[in-house]
Amino acid sequence: MTAHFGWNLRQLYVKNAFLHGVLQEEVYMSQPSGFSDPQHSDYVCKLHKSLYGLKQAPRAWNDRFTSFLPSLDFKTTHAYPSLFVKQFGSSVVLLLFYVDDIIITGNALSLINDVIVALTKEFDIKDLGPLHFFLGIQVISQNDGLVISQEKYVKDLITKTEMLDSKPCSTLCLPYNRLVLDDGKPYNNPALYRSVVGALQYLTFTRSDIAFAVHQVCQFMQTPMESHFSAVNRILRYLKGTVRLGIRYVQGGLEVNSDTVRAFSDADWAGDPNDRRSTTGFVIFLGSNPTSWFSKKQQIVSRSSTEAEYRALAATAAELDWIKQLLTFVHLDIPSSPFLYCDNMLAIALISNLVLHQRTKHIEVDIHFVCERVAKKQLHV
């Protein structure tokens with residue numbers, strides 16, 4: 001939305017955020033060193049506000065901040081509890097926060113400034129100006145939109161794994177090659193494997209191209225093999241040659257037309273050689289900008305390619321429901337129902353044929369979930 005409408009992005013930082021939280025439980029602590037009462041050395045202190053290190057501190061801060069925002073006419077939604085919206089006539093202000101980092105944007109600069117002033121009076125807040133860096137994600141503003149990437153994060157990861165002198169690789173993995181559970185010798189440093197793979201998971205926030213390959217290596221966290229770590233090294237070599245890649249959001253990417261929200265779903269039937277489960281993958285676009293993507297193994301084995309594709313359709317339809325709810329909350333009207341594209345004709349045929357045959361009874365819930373939305377014209381497949 002920021003890229004499309006050309007809004008400004010402001011970033012705020014809350015100093016000593018956890019110290020602002022008010023405790024609801026009774027918590028006591030020993031007298032701190034240097035501030036003890038010599039006449040009552042056996043006394044303890046009762047805390048009224050939270051301190052760093054308390055288990056209650058994060059929740060106390062979150063409750064304090066979220067309970068203050070309604071006084072500024074902000075509203076929240078169950079679709080995304082960290083997102084708050086303030087509407088005043090035609091003016092809209094969006095506030096997104098994560099612990100002590102806050103992003104504010106909207107179409108009314110004066111209203112944004114008023115919100116910042118009110119927050120500064122209540123909390124110890126530092127205005128960092130235009131958004132450039134947020135939770136390891138770089139934001140680069142351009143004349144026709146913005147670019148988000150994790151270039152610095154990738155460089156730090158390559159340095160940490162000592163892959164600076166490695167040869168870049170043009171592909172993430174070998175074609176049609178799937179990792180096997182007990183392939184070769186066990187890797188001698190499982191902790192390093194888990195650390196690197198966990199870092200790669202965070203990288204998928206801006207690198208949708210590595211989502212499937214990272215999903216594969218994530219399945220062997222418990223007992224990784226040397227072949228699995230070789231697959232991780234191949235991903236790192238690919239990242240070394242594509243450090244600067246990111247996602248570009250263009251201005252005007254949400255033109256009002258019949259194809260504003262598009263989703264593409266797919267599944268590989270019984271693609272995992274270890275348990276023969278299928279993998280669901282989808283990507284959702286708002287206009288020409290990608291906003292949500294997903295690659296995950298299905299929870300149960302599918303007995304046909306149609307069943308695997310239909311489970312992917314149902315997962316994508318559920319994500320579209322969430323996005324529609326979120327767009328309604330931020331007052332962005334979508335003129336038509338989303339379009340969901342699938343390359344399996346039998347799965348599409350099941351939507352218009354509600355007669356459940358013997359071999360499709362076990363996916364009855366998924367079928368009704370999608371069919372109901374198509375019948376109400378809330379979704380086009």
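The values are calculated or read from the model by the stated rules, or taken from the named source; none is laboratory data. As the structure is a prediction and not an experimental result, all values here were calculated from the model. Counting neighbours? That spans all protein chains shown, and the Cβs are built from the backbone with ideal geometry, glycine included.
Selection of strands (runs of 3 or more DSSP E) fully inside region 17-94 by the criterion of at least 3 residues being touching a residue at least 24 places away in the same chain (Cβ under 8 Å) returns 22-30, 44-49, 80-88. If you go through region 198-206 one residue at a time, do you hit one that is exposed (fewer than 15 other Cβ atoms within 10 Å of the Cβ), out of contact with any helix residue (DSSP H, G or I) (no Cβ under 7 Å at 6 or more places or on another chain) and modelled with pLDDT of 95 or more? Within region 198-206, one or more residues are exposed (fewer than 15 other Cβ atoms within 10 Å of the Cβ), out of contact with any helix residue (DSSP H, G or I) (no Cβ under 7 Å at 6 or more places or on another chain) and modelled with pLDDT of 95 or more. Against the test of being surrounded by fewer than 19 Cβ atoms within 10 Å (Cβ to Cβ) and within 21 Å of P168 (Cβ to Cβ), the options V232, V250, V243 yield a single qualifying residue, V243. One residue stands out among those in region 146-160 that are in a helix (DSSP H, G or I) and of a type in the set (A, V, I, L, M): the one that is farthest from W7 (Cα to Cα), which is I158. In this structure, V381 does not qualify as out of contact with any His (no Cβ under 6 Å at 6 or more places or on another chain), modelled with pLDDT of 90 or more and surrounded by fewer than 17 Cβ atoms within 10 Å (Cβ to Cβ).
This table checks each residue for (1) within 30 Å of A108 (Cβ to Cβ); (2) surrounded by fewer than 14 Cβ atoms within 10 Å (Cβ to Cβ); (3) touching a Lys or Arg at 6+ places or on another chain (Cβ under 9 Å).
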{"site": "A3", "(1), (2), (3)": "yes, no, yes"}
{"site": "R10", "(1), (2), (3)": "yes, no, no"}
{"site": "L19", "(1), (2), (3)": "no, no, yes"}
{"site": "L23", "(1), (2), (3)": "no, no, yes"}
{"site": "M29", "(1), (2), (3)": "no, yes, yes"}
{"site": "F35", "(1), (2), (3)": "no, yes, no"}
{"site": "K55", "(1), (2), (3)": "no, yes, no"}
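Here region 110-145 is the region considered, the condition is being under 18 Å from the mean Cα position of the chain (by Cα) and not in a loop (DSSP other than H, G, I, E, B), and the residue that is surrounded by the fewest Cβ atoms within 10 Å (Cβ to Cβ) is F133.
Candidates are the residues of region 162-194 that are among the aromatic types (F, W, Y) and part of a loop (DSSP other than H, G, I, E, B); the one that is farthest from E226 (Cα to Cα) is Y176. Taking region 268-324 as the range and being within 23 Å of the chain's Cα centre (by Cα), of a type in the set (A, V, I, L, M) and assigned to a helix (DSSP H, G or I) as the test, the residues that pass are A312, L313, A314, A315, A317, A318, L320, I323.
Each row is one residue, and each column tells you yes or no for (1) in contact with a Phe, Trp or Tyr (Cβ under 6 Å, 6 or more places away or on another chain); (2) in the same structural domain as F68 (by TED's automatic domain parsing); (3) modelled with pLDDT under 95; (4) under 30 Å from L119 (Cβ atoms).
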{"residue": "E25", "(1), (2), (3), (4)": "no, yes, yes, yes"}
{"residue": "Y28", "(1), (2), (3), (4)": "no, yes, yes, no"}
{"residue": "S33", "(1), (2), (3), (4)": "no, yes, yes, no"}
{"residue": "Y43", "(1), (2), (3), (4)": "no, yes, yes, no"}
{"residue": "K46", "(1), (2), (3), (4)": "yes, yes, yes, yes"}
{"residue": "K49", "(1), (2), (3), (4)": "no, yes, yes, yes"}
{"residue": "L54", "(1), (2), (3), (4)": "no, yes, yes, yes"}
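Can we say V139 is β-branched (V, I, T), touching a strand residue (DSSP E or B) at 6+ places or on another chain (Cβ under 9 Å) and either closer than 30 Å to G241 by Cα or without any contact (Cβ under 8 Å) to a residue 24 or more places away in the chain (or both)?
Spelling it out, V139 is indeed β-branched (V, I, T), touching a strand residue (DSSP E or B) at 6+ places or on another chain (Cβ under 9 Å) and either closer than 30 Å to G241 by Cα or without any contact (Cβ under 8 Å) to a residue 24 or more places away in the chain (or both).
Considering T223, T306, the condition of being without any contact (Cβ under 8 Å) to a residue 60 or more places away in the chain, in contact with a Pro (Cβ under 9 Å, 6 or more places away or on another chain) and under 25 Å from P175 (Cα atoms) is satisfied by T223 alone.
Scanning region 64-79 for residues that are in contact with a strand residue (DSSP E or B) (Cβ under 8 Å, 6 or more places away or on another chain) and either surrounded by 16 or more Cβ atoms within 10 Å (Cβ to Cβ) or at pLDDT 90 or above (or both) yields R64, F65, T66, L69, L72, D73, F74, K75, T76.
Is it the case that some residue within region 225-245 is in a loop (DSSP other than H, G, I, E, B), under 23 Å from F294 (Cα atoms) and among the aliphatic types (A, V, I, L, M)?
Let us first name the residues in region 225-245 that are in a loop (DSSP other than H, G, I, E, B), namely 242-245.
Narrowing the set further to residues that are under 23 Å from F294 (Cα atoms) leaves 242-245.
So of that shortlist, the ones also among the aliphatic types (A, V, I, L, M) come out as 243, 245.
Within region 225-245 (the criterion being in a loop (DSSP other than H, G, I, E, B), under 23 Å from F294 (Cα atoms) and among the aliphatic types (A, V, I, L, M)), the answer is yes, since at least one residue qualifies.
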